[in-house]
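Everything below concerns the one structure shown next.
The values are calculated or read from the model by the stated rules, or taken from the named source; none is laboratory data. Because the structure is predicted, anything quoted here is derived from the model rather than measured. Backbone-built Cβ (ideal geometry, glycine too); neighbour counts: all protein chains shown.
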Amino acid sequence: MTININHIDVELLNRLRENDTQAFESIYKKYWQNLYLTAFSILKDKQAAEDIIQDLFIQLWNKRATISVTVSLNAYLSASVKHEVFRVIRKRIAELDTNAVMQSDKSYNAQELIEYKEFLAHTQLLIAKLSVKCQEVFVLSREDQFSHKEIAAQLNISSKTVENHIGKALGMLKNSL
């Protein structure tokens, strides 16, 4: 299988590595809207989506000299956005879980709450070690409560692939926890 890398993007990346601000602006203009729409369609939060895209382009500029894109620039940027979106989702879930624990049972002491937060943080770190696709499937399954069939349809993959990703994630979590 050959990877189709857009020659215009290759040229833009080469110019970007040489501190060409016009190349950066061209990349921004070409991709920002689709990246924003990707983030917004998942988060349904305009400000969070804008922040993710802004941070992504800041990182792109800051790492311009060392950036290595082995797939298309579009795929690289899209994967970066999805990774950040799921990081935001995990953070929100952790905050919601902590608030729910604090509100549902006031008998939890400070030590138990600290241990719970550490457990959530450790779990999030483990999930972050999974591949982007595996993270995406796991979050849709466990946090968004999508069925295997719904995940397969949304991500345009087979149900068996969904099962494999979830099995891999659960196995890694089980072994690590």
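For the residues Lys106, Lys46, the requirement of being surrounded by fewer than 12 Cβ atoms within 10 Å (Cβ to Cβ) and at pLDDT 85 or above singles out Lys46.
Check Trp32 against each of (1) outside any loop (DSSP other than H, G, I, E, B); (2) over 25 Å from Val139 (Cα atoms) and name the one condition it does not meet. Only one criterion in (1) outside any loop (DSSP other than H, G, I, E, B); (2) over 25 Å from Val139 (Cα atoms) is unmet by Trp32, namely (2). The condition (being in a loop (DSSP other than H, G, I, E, B), modelled with pLDDT under 95 and touching a helix residue (DSSP H, G or I) at 6+ places or on another chain (Cβ under 8 Å)) is satisfied by just one residue among Ala79, Ala65: Ala65. Annotation: of all residues in the stretch 51-79 being among the charged types (D, E, K, R) and touching a residue at least 24 places away in the same chain (Cβ under 8 Å), the one that is farthest from Val137 (Cα to Cα) is Arg64.
The C-beta contact set for the stretch 36-50 (first residue aromatic (Phe, Trp, Tyr), second residue assigned to a helix (DSSP H, G or I) and surrounded by 14 or more Cβ atoms within 10 Å (Cβ to Cβ), distance under 9 angstrom, 6+ apart or interchain) comprises Tyr36/Ala49; Tyr36/Glu50; Tyr36/Ile52; Tyr36/Ile53; Tyr36/Val81; Phe40/Ala48; Phe40/Ala49; Phe40/Glu50. Only a single criterion out of (1) over 20 Å from Ile52 (Cα atoms); (2) modelled with pLDDT under 85; (3) loosely packed, with under 15 Cβ neighbours inside 10 Å; (4) among the basic types (Lys, Arg) is not satisfied by Arg142, namely (3). Candidates in the stretch 11-29 are the residues that are touching a residue at least 40 places away in the same chain (Cβ under 8 Å) and assigned to a helix (DSSP H, G or I); of these, the one that is surrounded by the fewest Cβ atoms within 10 Å (Cβ to Cβ) is Arg17. Given the condition surrounded by 16 or more Cβ atoms within 10 Å (Cβ to Cβ), of a type in the set (D, E, K, R), at pLDDT 85 or above and out of contact with any strand residue (DSSP E or B) (no Cβ under 7 Å at 6 or more places or on another chain), answer yes or no: does some residue in the stretch 83-90 qualify? Yes, some residue in the stretch 83-90 is surrounded by 16 or more Cβ atoms within 10 Å (Cβ to Cβ), of a type in the set (D, E, K, R), at pLDDT 85 or above and out of contact with any strand residue (DSSP E or B) (no Cβ under 7 Å at 6 or more places or on another chain). Between Leu155, Leu173, Leu130, the distinction of being over 22 Å from Leu96 (Cα atoms), surrounded by 14 or more Cβ atoms within 10 Å (Cβ to Cβ) and in contact (Cβ under 8 Å) with a residue 40 or more places away in the chain belongs to Leu130 only.
Under the condition of being part of a helix (DSSP H, G or I) and either in contact with a Gly (Cβ under 7 Å, 6 or more places away or on another chain) or not polar (S, T, N, Q) (or both), the residues counted in the stretch 128-165 number 22. Test Lys168 against the criterion of being assigned to a helix (DSSP H, G or I), under 20 Å from Ser78 (Cβ atoms) and not aliphatic (A, V, I, L, M), and give yes or no. Taking the combined requirement at face value, the residue does not satisfy it.
Checked against the criterion of being surrounded by 12 or more Cβ atoms within 10 Å (Cβ to Cβ), under 20 Å from Gln154 (Cα atoms) and out of contact with any Phe, Trp or Tyr (no Cβ under 6 Å at 6 or more places or on another chain), the stretch 53-67 contains not a single residue that satisfies it.
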